[in-house]
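In what follows, a structure is listed as structure tokens, so that the remarks can point back to it.
The values are calculated or read from the model by the stated rules, or taken from the named source; none is laboratory data. A quick note: this is a predicted structure, and the numbers were derived from the prediction, not measured. Here the Cβ is made from the backbone with ideal geometry for all residues, glycine too, and neighbour counts use every protein chain on show.
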């Protein structure tokens, strides 16, 4: 039997939890988008047929962050969110392998031997994307995994990439959509609204003092920021959801000296309480308007009330 949401760093650790039969889906899974979800669904079907536990095998840090540290990809989601989503989409256990230069230098055969073999664990199935590459310089291809499956007498599936609108869905494509402000496109590829999460840090408290609409300032460490502006969205706080107004930008109305740091501020409608130090996830639904410099806080307050009226109407259809 397996515990709910079991997370380990090697296949061997699964044995300690009474697991002896597994089917594995392997990949980085940044974003856990529709293409990834198709792969996970295929694995779930496979595991039901062969009577095994579903396992997602993923890697951290992102391979490109190790191999090309001068151009690391901005992760769509945090490692914790990725694990949570993998469980949400049916994985009973998640194995996160540490990716390093020595790990990347393994030959394809060494990669298979070190990642997919365990003396006390039977591999019953394996699912990967049809274009998945592994081992040094990506030399390992699908045919090698097929041979491994034949010799090991277990199920194998190379799942075709998922296309939408004539393009193959990928984490890179989603990053570009978000950075370009195309939130509806990103949502279609993810199968859910794009979200950012961060820890609430102390801000200047202008929104609460001058505008009667206190905001939480989030320290965003993972994810791609969309263009500056005001957005309709939803904030997830302590297991509860609140309709939210989100501002991404520099708050130009207050024109403070110093570097213009891009900040994400969120006002949670009908929320009361202290959020400092808490983690808040913010779904971004729709772009409302550009960030403006108003003549006075009073003028800004009127605009915020108009924004909230629009946001509440948008929320009715969500």
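If you go through the range 11-30 and pick out every residue that is touching a strand residue (DSSP E or B) at 6+ places or on another chain (Cβ under 7 Å), surrounded by 21 or more Cβ atoms within 10 Å (Cβ to Cβ) and more than 19 Å from residue 112 (Cβ to Cβ), you end up with 2.
Condition check ((1) in the same structural domain as residue 225 (by TED's automatic domain parsing); (2) at pLDDT 95 or above; (3) outside any helix (DSSP H, G or I); (4) in contact with a strand residue (DSSP E or B) (Cβ under 6 Å, 6 or more places away or on another chain)) across all residues:
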site: 32; (1), (2), (3), (4): no, yes, yes, no
site: 36; (1), (2), (3), (4): no, yes, no, no
site: 39; (1), (2), (3), (4): no, yes, no, yes
site: 95; (1), (2), (3), (4): no, yes, yes, yes
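Of the residues 158, 186, the single one that is without any contact (Cβ under 8 Å) to a residue 40 or more places away in the chain, in contact with a helix residue (DSSP H, G or I) (Cβ under 9 Å, 6 or more places away or on another chain) and within 29 Å of residue 51 (Cβ to Cβ) is 158. Pull up the range 131-160, narrow it to residues that are within 15 Å of residue 24 (Cα to Cα) and in a loop (DSSP other than H, G, I, E, B), then point me to the one that is farthest from the chain's Cα centre (by Cα). Residue satisfying both the conditions and the ranking: 153.
Of all residues in the range 139-151, those that are touching a strand residue (DSSP E or B) at 6+ places or on another chain (Cβ under 9 Å) and either farther than 17 Å from residue 47 by Cα or surrounded by fewer than 16 Cβ atoms within 10 Å (Cβ to Cβ) (or both) total 8. Within the range 161-181, does at least one residue satisfy the condition of being crowded, with 17+ Cβ neighbours inside 10 Å, part of a helix (DSSP H, G or I) and out of contact with any helix residue (DSSP H, G or I) (no Cβ under 7 Å at 6 or more places or on another chain)? Taking every residue of the range 161-181 in turn, at least one turns out to be crowded, with 17+ Cβ neighbours inside 10 Å, part of a helix (DSSP H, G or I) and out of contact with any helix residue (DSSP H, G or I) (no Cβ under 7 Å at 6 or more places or on another chain). Please determine whether any residue of the range 295-315 is outside any strand (DSSP E or B), closer than 19 Å to residue 219 by Cα and not assigned by TED's automatic domain parsing to the domain that holds residue 81. The answer is no, given that none of the residues of the range 295-315 is outside any strand (DSSP E or B), closer than 19 Å to residue 219 by Cα and not assigned by TED's automatic domain parsing to the domain that holds residue 81.
Could you please let me know if residue 282 is without any contact (Cβ under 8 Å) to a residue 60 or more places away in the chain, in contact with a strand residue (DSSP E or B) (Cβ under 6 Å, 6 or more places away or on another chain) and either buried (at least 16 other Cβ atoms within 10 Å of the Cβ) or under 20 Å from residue 198 (Cβ atoms) (or both)? No: the conditions fail for residue 282. Within the set 57, 91, the sole residue that is touching a strand residue (DSSP E or B) at 6+ places or on another chain (Cβ under 6 Å), crowded, with 21+ Cβ neighbours inside 10 Å and assigned to a loop (DSSP other than H, G, I, E, B) turns out to be 91.
Does residue 47 count as within 28 Å of residue 124 (Cβ to Cβ) and not in a strand (DSSP E or B)?
yes
For the range 287-302, the set of residues classified as buried (at least 16 other Cβ atoms within 10 Å of the Cβ) and at pLDDT 95 or above consists of 287, 288, listed by residue number.
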